[in-house]
Amino acid sequence: MAKPILTFENQLRIGEYAEGYRLYDLRCGNSAGREIKASLFFFLGMAMLFMLMREQFNILKLPVCTIVLLICIYMCCFFIYILPNMAKQRGERIYKSSHLLSEKYTFHVHQDYFIMQNEYESLKRYYTEIHDCIETDTLFLLIGGTEKKLIVIAKRCLEQEQCETLSHFFRKEMVHQYRRTRFRRRKKK
């Protein structure tokens, strides 16, 4: 067996898994394509608002436009805010219901695959099975495979050098699957 490129231990917290699940849902779940869906409801709402404006906002004359406008406002909020929050809450429920997600794992990163193991399970995943690799400021997210489709790696468990090595390796190895997202953090006053 070839020597691994990188070996490290990782243990997830509930918030990290919930954030990973939210990103997973944005890519592959119910929230996928939410921007397009919300945009359609936004433009339909604008059309209803325009029709109401033409009638000087006489709601009694165009009650259907008013109802459709209210539905459009709700659907925009649903796709932009409510659906991602529901995914995050679902991730928290999954984490709480699974004993294995809170266990400490050892990762052995090889050139063509990685092995993720602890005392209860072992998983070998080839990079060709992964269809999405997302890096954020706080975690790595690997999506794909037949079992355990979502693998979250917390950056807080890695040293700075390990984090940079892993980031560079994923960027080089999974050229088409790799994405880097940056979240703006609010400054504390």
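The values are calculated or read from the model by the stated rules, or taken from the named source; none is laboratory data. In this text the structure is predicted, and so the values were computed from the model without any measurement. Please note: Cβ atoms are built from the backbone with ideal geometry, for glycine as well, and neighbour counts cover all protein chains shown. The protein model used for the area step is the full one, side chains on, heavy atoms only, and it has no ligands, DNA or RNA in it. Shrake-Rupley method; radii C 1.70, N 1.55, O 1.52, S 1.80 Å.
In table form, for the structure just shown:
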read-out: Selection within segment 73-95 - touching a helix residue (DSSP H, G or I) at 6+ places or on another chain (Cβ under 7 Å) and over 21 Å from L40 (Cα atoms); value: A87, K88, R90, G91, E92, I94, Y95
read-out: Residues of segment 90-113 satisfying the condition of being free of Cβ contacts under 8 Å to residues at least 40 places away in the same chain and either part of a strand (DSSP E or B) or under 21 Å from the mean Cα position of the chain (by Cα) (or both); value: R93, S97, S98, L100, Y113
read-out: Residue match in segment 50-70 (condition: open to solvent by less than 90 Å² (accessible area, probe 1.4 Å) and touching a residue at least 40 places away in the same chain (Cβ under 8 Å)); value: no
read-out: Among the residues listed as K172, K104, the single one being touching an Asp or Glu at 6+ places or on another chain (Cβ under 8 Å), more than 20 Å from L23 (Cβ to Cβ) and exposed (fewer than 12 other Cβ atoms within 10 Å of the Cβ); value: K104
read-out: Matching residues in segment 139-149 - criterion: being open to solvent by less than 100 Å² (accessible area, probe 1.4 Å) and at pLDDT below 90; value: G144, G145, K148
read-out: Any hit, segment 121-139, residues being of a type in the set (S, T, N, Q) and closer than 18 Å to A18 by Cβ; value: yes
